[in-house]
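Written below as structure tokens is the structure these notes are about.
The values are calculated or read from the model by the stated rules, or taken from the named source; none is laboratory data. All figures in this text were calculated on a predicted structure; none of them were measured in a lab. Backbone-built Cβ (ideal geometry, glycine too); neighbour counts: all protein chains shown. What goes into the accessible areas is simple: the full protein's heavy atoms, side chains included, and nothing from ligands, DNA or RNA. Shrake-Rupley method; radii C 1.70, N 1.55, O 1.52, S 1.80 Å.
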Amino acid sequence: MSALAEPARRALYLYVVAQPEPVSRDGAAEGVGLARHTAKFHLDKLVEEGLLDTEFRRLSGRRGPGAGRPTKLYRRSARQVAVTLPQRQYDLAGQILAEGVDAAARDATPVLDAVRSAATATGHRLGAEARQRWGPATPTSGDVAAALGRYGYEPRQDGIVTVLGNCPFHALAREHTALVCGMNLSLIAAFLEEFGCPGMQARLDPAPERCCVTVAEEASA
């Protein structure tokens, strides 16, 4: 994203992605009113950052001797980049909801049950991935906080309770509270189980400006 902070570079990027066909250096330079050598420098920086892709093509359509060298062309990269602060995971929520709806239609089960089952399966998958990263040792509460932090939950310790300061599904939770809070609870409970945290329990504990789920050590019961 820092690559787009430079005004000329940002202008070139916006020009290239707005065109229906890949753009040459000359075309891009003319399109934004820059010198060719300046446009070349910034376009190649955008390629280095993965924001643009290149291809080579003879624009004249001629082939064989005398056809000239192919022209380097620039187009939008297939790479997807998203930045949100605080961190959101709407793609993950969309995947869980889509899997739940598909299962409900396929198996004629209630949608809420199917969504929570999909969230549980996702939690097991994420917990297994975290377990591989952390190794065989039993995770501590600090390990749990660090692992959940990777998914945008912004954990903080409050005694023996891990409070999740951010909901990665915030906008959805605001409009569909019961659905998303239940999904979050199922996901985190399965995550803890797969991560190997028998002494920690996910609890539904709604409060303003944070996730509706907290993680408590069993001693707090």
Q) Which one of the conditions (1) within 26 Å of Y90 (Cβ to Cβ); (2) within 22 Å of the chain's Cα centre (by Cα); (3) surrounded by 15 or more Cβ atoms within 10 Å (Cβ to Cβ) does R125 fail to meet, given that it meets all the rest? A) (3)
Q.
Just the residues that are open to solvent by less than 70 Å² (accessible area, probe 1.4 Å) and part of a helix (DSSP H, G or I), please, taken from region 134-161.
A. S141, G142, D143, V144, A145, A146, A147, L148, G149
Q: Report, by residue number, each residue of region 174-221 that is open to solvent by 10 Å² or more (accessible area, probe 1.4 Å), assigned to a strand (DSSP E or B) and touching a residue at least 24 places away in the same chain (Cβ under 8 Å).
A: M200, E217
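Suppose we filter region 162-172 for residues that are open to solvent by less than 20 Å² (accessible area, probe 1.4 Å) and within 18 Å of the chain's Cα centre (by Cα); how many remain?
Initial filter on region 162-172 (open to solvent by less than 20 Å² (accessible area, probe 1.4 Å)): 162-169.
Cutting the leftovers down to within 18 Å of the chain's Cα centre (by Cα) gives us 166-169.
Counting residues in region 162-172 that are open to solvent by less than 20 Å² (accessible area, probe 1.4 Å) and within 18 Å of the chain's Cα centre (by Cα) gives 4.
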(Q) Can you list residue pairs whose Cβ atoms sit under 7 Å apart, with the first residue in region 146-160 being within 17 Å of D91 (Cα to Cα) and the second being open to solvent by 60 Å² or more (accessible area, probe 1.4 Å) and not in a helix (DSSP H, G or I)? Count only pairs 6 or more apart in sequence or on different chains. (A) G152/Q87
Q: For region 102-117, name all the residues that are within 21 Å of P168 (Cβ to Cβ) and either polar (S, T, N, Q) or touching a residue at least 40 places away in the same chain (Cβ under 8 Å) (or both).
A: L112, V115, R116, S117
Q.
Residues that are under 21 Å from L97 (Cβ atoms) and among the aromatic types (F, W, Y): does region 123-140 have at least one?
A. no
Q. Within region 97-112, is even one residue open to solvent by 70 Å² or more (accessible area, probe 1.4 Å), closer than 24 Å to L164 by Cα and either assigned to a helix (DSSP H, G or I) or at pLDDT 95 or above (or both)?
A. yes
Q: Being at pLDDT 90 or above and under 24 Å from the mean Cα position of the chain (by Cα) is the filter here, so list the residues in region 1-15 that pass it.
A: R10, Y13, L14
Q: Can you tell me which residue within region 160-209, out of those that are touching a strand residue (DSSP E or B) at 6+ places or on another chain (Cβ under 7 Å) and of a type outside the set (A, V, I, L, M), is modelled with the lowest pLDDT?
A: G199
